[in-house]
Amino acid sequence: MPSTLDEIVKRLAKKVKRHPRTLLAWFDDAGAIKIGEAYYVVKVDGFAASRALYPWCSYRDFGFRGVTGAVSDVIAKGCRPLIYAVSIGVKPEHVDYVEDIIRGVEEAVNLYGGYIENMDTNVGYDDWIDVFIIGECSYMPLQRTAKPLDVVILPRRVGLSAVAYIEFSRGRTPRHEEVKEFSCKPRACIEITKVIEECRRCIDGSIDISDTFAESLYQLSEVTDVGFYINQRASEMLHPLTVEYARSNNIELEAMVLASNEEYIPILIARQGYEEQLIELLRAVGLEPKTIATVISDKGIRWFGRAVPIAVWDYVAGAIKL
């Protein structure tokens with residue numbers, strides 16, 4: 001049976017030469033090193049327009065989203081983006097789109113902070129963007145880790161991404177402007193970095209929701225040998241528009257949570273006894289945090305006792321699959 005792309009990457013990653021002062025595991029959201037007394041993270045991320053650009057979105061949105069995807073992983077480590085390098089590629093007939101993509105990149109960098117220090121352009125058989133970031137951290141970057149009895153916090157409601165994906169799969173454009181705006185130009189929450197800096201002792205770990213919500217929890221479960229007991233109602237975790245959409249289309253609310261993808265918000269793993277302090281700080285920066293689960297010693301995910309199926313982003317098919 002041929003290897004999956006994920007299996008190939010995992011096998012190769014174990015063989016690469018890493019910095020002697022590396023701080024994070026190879027499977028984490030970003031890489032990190034300590035130089036002197038300073039902490040830095042490095043992140044590279046990329047998108048192909050054929051897989052990542054909804055037909056109702058613009059190429060300026062594509063540039064903005066490319067930066068957001070990379071920045072979100074930096075934020076999940078509790079760090080701030082400092083330096084960007086960007087590679088843009090287009091089909092020969094799309095050369096005129098390069099300027100739009102760059103405008104979107106500039107808009108995102110102005111929002112998140114930092115400086116564009118290098119840019120490269122290419123022509124090929126698809127339109128794409130790759131973003132490299134060096135970020136700076138006030139403290140040791142957060143790891144992808146969790147311990148039994150830790151509390152799982154979702155900083156804001158999710159689900160608009162699932163609505164956009166389902167509508168696209170059905171050959172439709174979302175009717176709600178808020179859904180279209182989120183799917184075209186999702187914004188990473190740079191304010192979370194301030195919260196992590198203020199309450200670093202409150203947090204054991206984090207993971208970014210970039211593929212699907214379910215996949216994020218399963219990845220944490222796999223690498224830390226723990227499990228998660230979800231004890232929050234789906235309606236409290238979902239954006240109100242998502243709840244309305246799911247009910248009007250006879251879709252289970254739990255399925256909308258699990259299929260939420262590319263939300264660009266980190267799931268935070270709070271130390272037991274610190275969750276209220278962390279929630280208070282998240283509210284202070286305008287978020288609507290919820291405690292959604294407890295970390296347990298048995299691997300896997302259960303929602304009020306029921307086993308949770310994994311919903312993953314299949315890169316080959318370009319689709320979410322159970």
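Please find, among ILE101, ILE129, the residue that is in contact with a strand residue (DSSP E or B) (Cβ under 9 Å, 6 or more places away or on another chain), touching a residue at least 60 places away in the same chain (Cβ under 8 Å) and not acidic (Asp, Glu). Show your work before the answer.
Details: ILE101 fails: touching a residue at least 60 places away in the same chain (Cβ under 8 Å).
On inspection, the qualifying residue turns out to be ILE129.
It is to be established whether one or more residues within the range 63-80 are buried (at least 19 other Cβ atoms within 10 Å of the Cβ), more than 19 Å from ILE192 (Cβ to Cβ) and not assigned by TED's automatic domain parsing to the domain that holds ALA164.
There is at least one residue in the range 63-80 that is buried (at least 19 other Cβ atoms within 10 Å of the Cβ), more than 19 Å from ILE192 (Cβ to Cβ) and not assigned by TED's automatic domain parsing to the domain that holds ALA164.
Right, ILE33: without any contact (Cβ under 8 Å) to a residue 40 or more places away in the chain, buried (at least 16 other Cβ atoms within 10 Å of the Cβ) and in contact with a His (Cβ under 6 Å, 6 or more places away or on another chain) or not?
Yes; evaluated as a whole, the condition is true for this residue.
Conditions (1) assigned to a helix (DSSP H, G or I); (2) among the β-branched types (Val, Ile, Thr); (3) under 27 Å from TRP26 (Cα atoms); (4) modelled with pLDDT of 95 or more, marked per residue:
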position	(1), (2), (3), (4)
ARG60	yes, no, no, yes
GLY63	yes, no, yes, yes
SER72	yes, no, yes, yes
ILE75	yes, yes, yes, yes
ILE83	no, yes, yes, yes
SER87	no, no, yes, yes
TYR97	yes, no, no, yes
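Residues that are surrounded by fewer than 15 Cβ atoms within 10 Å (Cβ to Cβ): list the strands (runs of 3 or more DSSP E) wholly contained in the range 203-322 that include at least 1 such residues.
Counting at least 1 such residues, we get 312-314, 319-321.
Only one of ARG187, ARG157, ARG175 is of a type in the set (D, E, K, R) and closer than 30 Å to TYR39 by Cβ. Can you tell me which?
When all the criteria are applied, what remains is ARG187.
Condition check: in a loop (DSSP other than H, G, I, E, B), farther than 25 Å from ASP127 by Cβ and among the hydrophobic types (A, V, I, L, M, F, W, C). Does VAL41 satisfy that?
Considered against the rule, which asks whether it is in a loop (DSSP other than H, G, I, E, B), farther than 25 Å from ASP127 by Cβ and among the hydrophobic types (A, V, I, L, M, F, W, C), VAL41 comes out as no.
Tell me which residues, restricted to the range 116-153, are in contact with a Phe, Trp or Tyr (Cβ under 9 Å, 6 or more places away or on another chain) and either within 30 Å of GLN232 (Cα to Cα) or outside any strand (DSSP E or B) (or both).
Across the range 116-153, the qualifying residues are ASP127, SER138, TYR139, MET140, PRO141, ARG144, ALA146, VAL151, VAL152.
The values are calculated or read from the model by the stated rules, or taken from the named source; none is laboratory data. These numbers come from a predicted model, not from an experiment. Every residue, glycine as well, gets a Cβ built from its backbone with ideal geometry; the counts of neighbours run over all protein chains shown.
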